[in-house]
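**Q** One structure, pasted below without further comment.
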Amino acid sequence: MAADIQLSDAISRVKPSATIAVTTKAAEMKRQGLDVIGLGSGEPDFDTPENIKDAAIRAIREGKTKYTPSDGIPELKEAICAKFARENSLAYKPSQVNVSPGGKAVLFNAFMATLNPGDEVVIPAPYWVSYPEMVLLAGGTPVTVTCGANSQYKLTAEQLDAAITPRTKWLVLNSPSNPTGAAYAASELKALADVLLRHPQVWVLTDDMYEHLVYDGFEYATIAQVEPALYDRTLTMNGVSKAYAMTGWRIGYAAGPEKLIGAMRKVMDQSTSNPCSVSQWASVEALNGTQDFLPGFRAAYQARRNFMVEGLNEAEGLICPKPEGAFYVYPSCAGVIGKRAPSGAVIDNDKTFASELLETEKVAIVFGEAFGLANTFRISYATSDAVLKEALVRIQRFCAALS
């Protein structure tokens, strides 16, 4: 009988991804023939635009299918520099750019390249589920700061100042946010920047993946743009997955100081090596080509957001703020805690709420504790209007049946 392998201490500290778990469970229930509505996955339902697909096909036909430099082809790095200059007024050279197999890999490479045991990373909660787990894998210590609905789920300058210690190495900022959709205005970023200027040992990792998905005329800004004095301490991360409907292509990118980018490249040299060559050429087209489809994507998402916010606020016991961006809503279910579900189970927390909703009405959501804030939940509205309409009917029916 083979002996069990001894797992690392690092992996024992890490939890599985709740969002992936919910999506996987919903898919399995569908395979069993159940009429499940999955609202857990943060993935656009739109198809990748044709010009981007054509660029990938052209790259294949031209034989651009070999190894590339570990952290990206020069053409893509140049396109990324042009994007940052055009859209964010940030000047970077190709030597300051990293391209990785997805935004998650950018973050992981940065943490692996910089964190030592005892180093702290400030993470506002609610947070994307992978932030604290990646910090733990890299040997660091996540320091979560709870940002409730009273501050629109956003970190305040006072909270940031209180969270920083001599061991703080990074602040992670995600705007618009996964899971809440909350986005920081330039004035809010400036207030955070003023705190960071008093703590020169703290770097900023800003996750701008949902940059193009903002609504109601919201003016997007990123922190190095708002406070140029932080330029040399900021890793500005983005990617093509959300705005360009390219989740499966797995291309994330970031720009920052050359020393940091070189260290991240060293991690990639000895781990993943290069992102997919064909995906890189498709991403060149995504960034350099027409952006005409983006207003249509935004309009559709904004209409869906409005529909979901209105419908969720009509459900008994739920309160749903209206977020500035992304394609998530993040309601509170505090008003149903303590009630009894049709199955007889007591709704004692958000995890039970999500579980009973899935079992009773076959609607899959992600419970809020996974994002660091209890008695809340996340819904992705990146799906069709018809699906969202039916989902609201089921959620409202479930809440009305609680006693």
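The values are calculated or read from the model by the stated rules, or taken from the named source; none is laboratory data. Being a predicted model, the structure only gives us computed values, none of them experimental. To get the accessible areas, we keep the full protein, side chains included, count just its heavy atoms, and leave off ligands, DNA and RNA. Shrake-Rupley method; radii C 1.70, N 1.55, O 1.52, S 1.80 Å.
**Q** How high is the relative contact order of region 296-403, given as a whole-number percent (alpha carbon pairs under 8 Å, six or more residues apart)? Before the final figure, lay out the partial values.
**A** Values: 176 pairs, mean separation 31.7, N = 108.
Relative CO of region 296-403 lands at 29 percent.
**Q** Taking a quarter of the surface of the convex hull around the Cα atoms of the chain, what do you get in nm²?
**A** Details: hull surface 86.6 nm².
If you wrap the Cα atoms of the chain in a convex hull and average its projections, you get 21.6 nm².
**Q** Also: Over region 9-113, with every protein chain in place, what whole percent of the accessible area is carbon and sulfur at 1.4 Å, could you tell me?
**A** Working: 2970 of 5350 Å².
That share works out to 55 percent.
**Q** Relative to the present Cα-Cα distance, how much length would full extension add between Asn150 and Glu390 at 0.36 nm per residue of separation? Numbers along the way, then the final one.
**A** Working: separation 240, 0.36 × 240 = 86.40 nm, distance 3.02 nm.
Full-extension gain reported as 83.4 nm.
**Q** For Ser187 and Glu50 in one chain, what is 0.36 nm times their gap in residues minus the Cα-Cα distance, to one decimal in nm?
**A** Working: separation 137, 0.36 × 137 = 49.32 nm, distance 3.77 nm.
Difference between extended and current length: 45.6 nm.
**Q** What are the residues whose amide H is under 5 Å from the amide H of Gly252, where those residues sit 5 or more places off or on another chain and H is modelled from the backbone?
**A** Ser100, Gly102, Gly103
**Q** Could you state the accessible area per residue of the chain in Å², with a 1.4 Å probe and every protein chain left in place?
**A** Numbers: 16680 Å² over 403 residues.
Each residue of the chain exposes 41 Å² on average to a 1.4 Å probe.
**Q** Report ³J(HN,Hα) in whole Hz for each residue of region 19-35, in order, from the Karplus equation J = 6.51 cos²θ - 1.76 cosθ + 1.60 where θ = phi - 60°; Gly and Pro get x.
**A** Result, ordered by residue: 5, 5, 4, 5, 4, 5, 5, 4, 5, 5, 5, 5, 5, 7, x, 7, 8 Hz.
**Q** Report, by chain and number, residues whose modeled amide H sits under 5 Å from the one on Ala125, excluding near sequence neighbours (fewer than 5 apart, same chain).
**A** The answer is Val145, Thr146, Cys147.
**Q** Follow-up. Taking amide H atoms as placed 1.01 Å from N in the peptide plane, list the residues 5 or more away in sequence, or in a different chain, whose amide H sits under 5 Å from that of Trp203.
**A** Trp170, Leu171
**Q** Then there's this: Could you give me the ³J(HN,Hα) list for region 51-63, computed from phi with Karplus coefficients 6.51, -1.76, 1.60 and θ = phi - 60°, whole Hz, x at Gly and Pro?
**A** Karplus-based 3J(HN,Hα) across region 51-63 equals 4, 6, 4, 4, 5, 5, 4, 5, 5, 5, 5, 8, x Hz.
**Q** Sticking with this structure for a sec: Pop out the ³J(HN,Hα) list for region 5-14 in order, Karplus 6.51 cos²θ - 1.76 cosθ + 1.60 with θ = phi - 60°, rounded to Hz; leave Gly and Pro as x.
**A** My calculation for region 5-14 gives 6, 7, 7, 6, 4, 4, 5, 6, 8, 9 Hz in order.
**Q** May I ask you to rank Ser17, Ser279 by accessible area, largest first, using a 1.4 Å probe over the protein chains only? Display every interim value, and only then the final one.
**A** Details: Ser17 30, Ser279 10 Å².
Ranked list, largest accessible area first: Ser17, Ser279.
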